[in-house]
Structures are given as C-alpha cells and as structure tokens.
1. Only Lys, Arg, Asp and Glu count, each charged at its Cβ (+1, +1, -1, -1), so figure out the dipole size of the range 19-127 about its Cα centre, rounded to 20 debye.
2. Specify the inter-centroid distance of the range 108-149 and the range 13-47, based on alpha-carbon positions, in whole Å.
3. Determine the calculated [θ] at 222 nm for the chain from helices alone, applying -39500 (n - 2.57) to every DSSP H run no shorter than 4 residues and normalising by the residue count; nearest 500 deg cm²/dmol.
4. I want to verify a result. In a Gaussian network model of the chain, Cα cutoff 10 Å, which of these has the top mean-square fluctuation: SER18, SER103, SER79?
5. Nearest 10 degrees is fine. How inclined is helix 75-87 to the longest principal axis of the chain, computing both from alpha carbons?
6. Can you give the angle from 0 to 90° between the axis of helix 47-58 and the longest principal axis of the chain, with both taken from C-alpha atoms, to the nearest 10?
7. Are there any trypsin sites (Lys or Arg not before Pro) in the range 79-140 that are in a DSSP loop and have at most 10 other Cβ atoms within 10 Å? List them by number.
8. Leaving out ligands, DNA and RNA but keeping every protein chain, what accessible area does THR4 have, in Å² rounded to the nearest 10, with a 1.4 Å probe?
Amino acid sequence: MNQTQTFPAERRVLQLDSYWPYQLTVLADHISRHTAAIVKRHAGLNLSQWRVMAAIAERPGRTAAEVVAVTPMDKGIVSRATKALLEAGLVVRTASQDDGRISHLHLTDGGEAVYQSLVPRVESVSIQAQSALGAPERQQFETSLKRLSSLLLQLGPDDQPDGTNARQAAMDVDTNS
C-alpha cells in the first residue's frame, strides 16, 4: 500500500549534514567503532570493558557509580563489564574502609599491562583524526568541546540556553491556545 503523509506548510526539518549535534554523534560513533576494533583485536575486550578499565586506570579506586558518572554507560552495562573484567582477572574489587556497602575498583597487574598495551593503540585513533586539523584548530576544537559540555551539564534535559524550559513553554502554548 502506497500511503503519503500530509505535513504542515511550516514544517521544520533538521538538515543533518549541518546540524552539529548529529555530526558530533556520528564522529563519536566512528571513534567508538575504531576503538572497539582495536581493543577487541589486541585484548579480546569489548568497548564497555575498555571504558571501565580506562575509568579505573584514570583514577584507581573508583566505585562502579563513579565509573557510570564518567562514562557514557548506564549502571547495568557497567555492572556487566565490571563482572567480566573481574572474572578475567583484570580488575579487583576492594571493600571500602568507610562503608562496607561500597567497593572500589582497581586494575590488577595483568589489567594494568593490558591497559598499557592498549593506550598507544587507542590514542592513535585520536592522533590520526586530529592530523586533519592544524594546532590552532585542535586547540579551538578542544576548548569548544569543553565549553559546550560544561553548558549542557548545567542545563536540565528540558532547559534552553536562554533560561527557559522547553517542556513548560510548550505546555504554556497548549493551555493558552
């Protein structure tokens, strides 16, 4: 059945090739795919396991909740990745001295060796991508990413940069119509 839709005359359409959030998502996906291939080929890890290892290596003793906070993964994914790393002997869990309900994660010697073997390979993805930019462009890109990230962290999911709340504004329009 060939069915056509009728759209309003003032229909707004995002042009994905010029919508920077979409382009950034595509770039992140490309980087993730390259990284996943590297960690799989050289250490038999999946991307989630690598991210957990990287978070622990960056700050040994992180809790699983802290790993969730610094990685783009939910707690179920972090839990499964951590379990696999524990079973592989790459990570150990130690009980907190202050609160027995909390445990801290550390790389084992074997985990540290795997991590150190992967770091230069994973960094090569970033180095290769950045080679398309000159030094001033790289610095501006990094500065812009940090600024955008900081701004978006301060906003709630429905807040707009001008201080308005998109959901509340839409509801106000509906109730005033």
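The values are calculated or read from the model by the stated rules, or taken from the named source; none is laboratory data. All values reported here derive from a predicted model rather than from experimental measurement. Neighbour counts run over all protein chains shown; Cβ positions are idealised from the backbone, glycine included. Just so you know, the surface numbers come from the protein's heavy atoms only, side chains and all, with ligands and any DNA or RNA stripped out. Shrake-Rupley method; radii C 1.70, N 1.55, O 1.52, S 1.80 Å.
1. Numbers: 12 positive and 10 negative charges, 63 e Å.
Charge dipole, the range 19-127, about its Cα centre: 300 debye, nearest 20.
2. 14
3. Values: 7 runs with 109 residues, N = 177.
That comes out to -20500 deg cm²/dmol.
4. Among SER18, SER103, SER79, the largest mean-square fluctuation in the Gaussian network model of the chain belongs to SER18.
5. 20
6. Helix 47-58 sits at roughly 70 degrees to that axis.
7. Working: sites: ARG80, LYS83, ARG93, ARG101, ARG121, ARG138; in loops: ARG101.
Qualifying residues, ordered by number: ARG101.
8. 120
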